[in-house]
1. Tell me which residues, restricted to the stretch 176-192, are surrounded by fewer than 20 Cβ atoms within 10 Å (Cβ to Cβ), in contact (Cβ under 8 Å) with a residue 40 or more places away in the chain and in a strand (DSSP E or B).
2. Condition first: surrounded by 19 or more Cβ atoms within 10 Å (Cβ to Cβ) and either touching a residue at least 60 places away in the same chain (Cβ under 8 Å) or in a strand (DSSP E or B) (or both). Now tell me which residues in the stretch 63-92 satisfy that.
3. In contact with a helix residue (DSSP H, G or I) (Cβ under 6 Å, 6 or more places away or on another chain) and open to solvent by 30 Å² or more (accessible area, probe 1.4 Å): is that true of Ala219 in this structure?
4. Identify, please: which residue in the stretch 164-175 is outside any strand (DSSP E or B) and touching a residue at least 40 places away in the same chain (Cβ under 8 Å) and is, among those, surrounded by the fewest Cβ atoms within 10 Å (Cβ to Cβ)?
5. Pick from Gly315, Gly354: which is open to solvent by less than 10 Å² (accessible area, probe 1.4 Å) and not hydroxyl-bearing (Ser, Thr, Tyr)?
6. Of all residues in the stretch 243-264 being among the acidic types (Asp, Glu) and within 16 Å of Ala219 (Cα to Cα), which is most open to solvent (accessible area, probe 1.4 Å)?
7. Can we say Ile161 is assigned to a loop (DSSP other than H, G, I, E, B), touching a residue at least 40 places away in the same chain (Cβ under 8 Å) and surrounded by fewer than 21 Cβ atoms within 10 Å (Cβ to Cβ)?
Amino acid sequence: MAESSSSSNNGSSPITRIPQDHLFSILLLLPIESILCFAMTCKKLKSLAYSDSLWESICRRDWGQPPVDALKVSNHPWKKLYQQVYQLDSVFCHRLLAEIPDGDEMLPSPRASHSLNLVSGCLVLFGGGCEGGRHLDDTWVAYIGNDFRRTLKWKKTHSGIPSGRFGHCCVVIGNSLVLFGGINDHGVRKNDTWIGQVTIHGRRGITLSWRLLDVGSIAPPPRGAHAGCCIDNKKMLIHGGIGPSGVRLGDTWVLDLSNDLSTGTWKEIVTQPSPPSRSGHTLTHIGGAQTILFGGRGIGYDVLNDVWLLDASEGHWRWGQLLFELRSIPQGFSLPRVGHSANLIIGRRLLIYGGEDSNRHRKDDFWVLDISSITSVAMEPRNLHRNRGFRKMWRRLEAKVEKPNCRSFHGACVDDSGRYLYVYGGMVDGLVQPADPSGLRFDGESFVLELVLQS
């Protein structure tokens with residue numbers, strides 16, 4: 001009683017006597033709202049809760065190490081940077097120039113339904129479809145390193161493999177590429193798996209070698225226009241696509257790779273509920289054991305706007321649909337799309353770009369899907385819309401500097417910091433008439449989207 005009375009008389013609280021490094025550790029376990037409430041208790045604790053060192057650690061906790069390393073050069077207060085990331089309302093678009101190569105080498109030709117990945121500091125472009133319904137079998141590499149640059153020097157690699165295809169998926173695992181499936185210009189669906197390895201010889205010399213991966217006797221059925229992503233930097237996940245008979249698929253498969261990437265084992269994930277069959281959708285790993293599926297074209301040829309979460313925590317694979325309020329979508333805009341891109345950007349959010357709707361009208365809009373409040377699929381789907389964290393998941397971003405053309409089935413990849421999105425090619429030009437090949441135009445432009453944080 002005497003000790004309690006003494007503490008009360010001198011106006012101090014027991015929490016102020018906790019060592020600062022212990023308070024620091026406790027604050028890092030709390031959500032942002034609780035940290036801000038803690039700062040309102042007194043001047044001393046506000047000084048700690050608003051300290052730059054604490055907010056740098058919060059950014060590292062919520063974003064990961066690469067974005068923090070990339071933003072250190074900005075010298076802005078970390079609390080302000082954190083606020084700017086979650087209040088982002090625009091992206092800066094810059095067209096990338098292609099350096100004219102020496103000799104008889106050409107630049108990559110216009111294409112769509114190709115793959116574009118960033119691995120070992122290099123953009124890697126493979127395959128796709130082009131004019132006349134033909135497939136492409138070329139691989140191009142452009143070194144960008146860790147610096148933001150607006151000029152690309154493409155170099156064609158002459159490996160001759162994999163065979164030509166479009167509608168395949170290609171993901172980055174470590175310093176390698178893993179490619180699966182696709183469709184050739186005869187309409188043949190494939191189910192082969194390839195490993196690509198980029199090697200940099202000095203500043204200018206770059207080579208890329210492909211080899212067929214030994215996956216044993218079990219593999220997913222042949223398909224194209226499926227979705228795929230990397231999980232935990234050691235597994236490949238695929239879903240859906242169009243099978244050999246032209247039927248849209250709804251199965252989910254995971255590829256476990258050996259440590260040296262010499263072999264792999266495919267396994268089908270069977271769980272209920274699960275996303276309906278579709279093609280032209282996206283899968284994006286959002287960290288930990290969670291992956292987001294969005295959009296695509298369903299069995300009835302309708303274009304979809306549903307969002308699904310695949311959770312592999314606790315050793316069990318589970319799909320759950322995330323419901324959201326359509327009232328948060330501005331009037332005049334629609335979310336359903338196919339042939340779009342979805343990439344994880346800084347702040348643990350998805351940046352959705354482009355695609356086309358049920359009438360084959362292509363889009364040029366940018367949307368952020370805020371999945372930072374998602375915890376797991378353990379919540380019953382019928383209750384998700386009642387949770388305030390899920391009500392306003394969508395925000396439209398404005399494109400500044402240059403506005404890219406409406407496009408679909410383009411290639412897109414994000415750098416390690418989550419601040420730069422690289423885009424190449426796709427189908428452009430407004431309305432596509434499926435029966436009129438002249439209505440298609442394949443694009444050969446490349447550009448970068450910069451998530452600029454203002455000072």
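The values are calculated or read from the model by the stated rules, or taken from the named source; none is laboratory data. Quantities reported herein were computed from a predicted structural model and do not represent experimental measurements. Cβ coordinates were reconstructed from backbone atoms using ideal geometry, including for glycine residues, and neighbour counts include every protein chain displayed. Note: areas computed on protein heavy atoms with side chains; ligands, DNA, RNA excluded. Shrake-Rupley method; radii C 1.70, N 1.55, O 1.52, S 1.80 Å.
1. Ser176
2. Trp63, Pro67, Ala70, Leu71, Leu81, Val85, Leu88, Val91
3. On the way: in contact with a helix residue (DSSP H, G or I) (Cβ under 6 Å, 6 or more places away or on another chain): no; open to solvent by 30 Å² or more (accessible area, probe 1.4 Å): yes.
Taking the combined requirement at face value, the residue does not satisfy it.
4. Applying the first criterion (outside any strand (DSSP E or B)) to the stretch 164-175 yields 164-165, 167-168, 174-175.
Retained after the next criterion (residues that are touching a residue at least 40 places away in the same chain (Cβ under 8 Å)): 165, 167-168, 174-175.
Numbers: Arg165: 27, Gly167: 27, His168: 27, Gly174: 15, Asn175: 12.
Taking the candidates together, the pick is Asn175.
5. Values: Gly315 fails: open to solvent by less than 10 Å² (accessible area, probe 1.4 Å).
Just a single option satisfies the conditions, and that option is Gly354.
6. Narrowing the stretch 243-264 to residues among the acidic types (Asp, Glu): 251, 256, 260.
If we keep only those that are within 16 Å of Ala219 (Cα to Cα) as well, we get 251, 256.
Values: Asp251: 28, Asp256: 61 Å².
Filtering the stretch 243-264 for residues that are among the acidic types (Asp, Glu) and within 16 Å of Ala219 (Cα to Cα), the one most open to solvent (accessible area, probe 1.4 Å) comes out as Asp256.
7. In short, yes.
Quick grid of which residues meet (1) modelled with pLDDT of 90 or more; (2) in contact with a Lys or Arg (Cβ under 8 Å, 6 or more places away or on another chain):
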{"residue": "Leu123", "(1), (2)": "yes, no"}
{"residue": "Gly128", "(1), (2)": "yes, yes"}
{"residue": "Gly133", "(1), (2)": "no, no"}
{"residue": "His158", "(1), (2)": "no, no"}
